[in-house]
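Participant: The structure is given below, and queries will be raised subsequently.
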Amino acid sequence: MRRYETIFIIDPDLSEEGRTPLFERLKDLFPQHNGLLVTVDEWGAKKLAYEIKKKSRGYYVRLDYCGTGILVNEIERFFRIDDRVLKYMTVLLEKNVNIETVKEEIARLEAEKVQPEKSDKSKAAHHDESNADTTPPDIPENEAIGNKTTPSVSNVEEI
């Protein structure tokens, strides 16, 4: 089995609801052709270097996967048929891939996705607790900012 990377550009005018069926159909190709999808990176809408099908912007997506040449041919056939795909390019990353190491990598990536969500929640909780513990000290009214008093002429002693 080989490891591939495919970057494709789709119509930026597609809404999230329009992109979801496209991605789902693409993800369905992997089990059908004994492939293994490692990651899907959505880079978002970016300006194109030149116009493609009268579009100056495109929505970039990167696929990292393992499979055979049959899977690559099927993915590229899908891209050629679908008018929503403006451009695509597939690159061979590795010729011989150990599937077990790729599965471990997928598990590690999934764990990294879960950890930031948990750490964000714990940081927010820790931030709330630390704010509750630090109460400002009592400041007399005349020393507070904006309430500075100037000595009057009658209070000044002459030397």
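Participant: Can you tell me the FRET efficiency between Phe23 and Ile70 if r is taken as the Cβ-Cβ distance and R0 is 25 Å, rounded to the nearest 0.05? Mind showing how you got there, number by number?
Facilitator: Values: r = 21 Å, r/R0 = 0.83.
FRET efficiency, Phe23 to Ile70: 0.75.
Participant: Order of 58-66, 14-22 by packing, highest average Cβ count within 10 Å first?
Facilitator: Details: 58-66: 20.4, 14-22: 11.4.
Packing order, densest peptide first, comes out as 58-66, 14-22.
Participant: 5 Å is the cut-off here: which amide hydrogens, built 1.01 Å from N in the peptide plane, fall below it relative to Tyr4, excluding neighbours closer than 5 in sequence?
Facilitator: Tyr65, Cys66, Gly67, Leu93
Participant: How large is ³J(HN,Hα) for each residue in segment 59-64, as worked out from phi by the Karplus curve 6.51 cos²θ - 1.76 cosθ + 1.60 (θ = phi - 60°), to whole Hz, x for Gly and Pro?
Facilitator: With coefficients 6.51, -1.76 and 1.60, one gets 9, 8, 9, 10, 10, 10 Hz.
Participant: What does the extension gain come out to for Asn96 and Lys55, with contour length at 0.36 nm per residue minus their alpha carbon separation?
Facilitator: Numbers: separation 41, 0.36 × 41 = 14.76 nm, distance 3.80 nm.
Additional length available on full extension: 11.0 nm.
Participant: Would you calculate the separation in nanometres between label points at Glu112 and Asp82, each defined as 7 Å from the Cα along the Cα-to-beta-carbon direction?
Facilitator: Spacing of the two 7 Å Cα→Cβ label points: 2.5 nm.
Each reported figure results from applying straightforward, stated rules to the coordinates on display, with no laboratory input. Because the structure is a prediction, the values reported are computed rather than measured. Positions of Cβ are generated from backbone atoms using ideal geometry, with glycine treated the same way; all protein chains shown enter the neighbour counts.
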